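The values are calculated or read from the model by the stated rules, or taken from the named source; none is laboratory data. Since this is a predicted model, take the numbers as computed values, not measurements. Counting neighbours? That spans all protein chains shown, and the Cβs are built from the backbone with ideal geometry, glycine included.
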Amino acid sequence: MTTAPRPATERVRPDVGLRERKKLRAMRHIQEVALDLFDEHGYAAVTIERVAAEAEVSPSSIYRYFGTKEQLVLYDEYDPMILDMIDKEPAEVDPMEAIRRSISYIAKEILPGDEELIRRRMRYAWNEPAVRSGLVRQVEEAEAMIREGLARRTGKDGGDLELKVVSAALVGGFVAVLEYWHQTDYRDSLDAVLERAFDVLSGGLKLE
């Protein structure tokens, strides 16, 4: 069984409350148990009830924490953390630079400790149709979250075309980064691949 580091939120916010800390640790434990079972028996063969029994929690707890079986693979803490960091950047910082700083911090300080867990999750995200469908829904939700964050920062309406395009490009770019990282067998660090992607985005999507 693979043991991951403490939940990412704890590493960024040591002052996180006891209740939240217990919840995050429970979710990390359940996710690890689920991935172990998927690796051993195959994703389709493992039920929520099987995961619950192995993790020593109730099925209702899993549904409350994750909602769906696909989220046992797809769940992570990064989107809310990134949005919180973007909101805390000084008002004079350009919105795109605020996003880059926030994601770069997570990539450098948090993701290296989670890379093995991310790799395990990505295998199912790209190869398991049900999980891939869940990823599409998650992308839509992430775009909406980024768009709302940019709207708060710029004072624009959330339905603004520029915000829609920028948020779609950012989230789509991040998904492309993960897919590239998986397809190249994780030969480069995730941080390095993200920096290359940001260079492309900040350069105005030019191809040479």
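The table below lists the values:
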read-out	value
Subset of segment 169-208 [assigned to a helix (DSSP H, G or I) and either on the phi > 0 side of the Ramachandran plot or in contact with a strand residue (DSSP E or B) (Cβ under 8 Å, 6 or more places away or on another chain) (or both)]	none
Residue within segment 53-65 that is among the polar types (S, T, N, Q), free of Cβ contacts under 8 Å to residues at least 12 places away in the same chain and out of contact with any Gly (no Cβ under 6 Å at 6 or more places or on another chain) present	yes
Search result, residues across segment 29-61 that are within 18 Å of R123 (Cα to Cα) and among the charged types (D, E, K, R)	E32, D36, D39, E40
Matching residues in segment 36-71 - criterion: being at negative phi and acidic (D, E)	D36, D39, E40, E49, E54, E70
Test: V166 is closer than 28 Å to M27 by Cα, assigned to a helix (DSSP H, G or I), aliphatic (A, V, I, L, M) and not assigned by TED's automatic domain parsing to the domain that holds A34	no
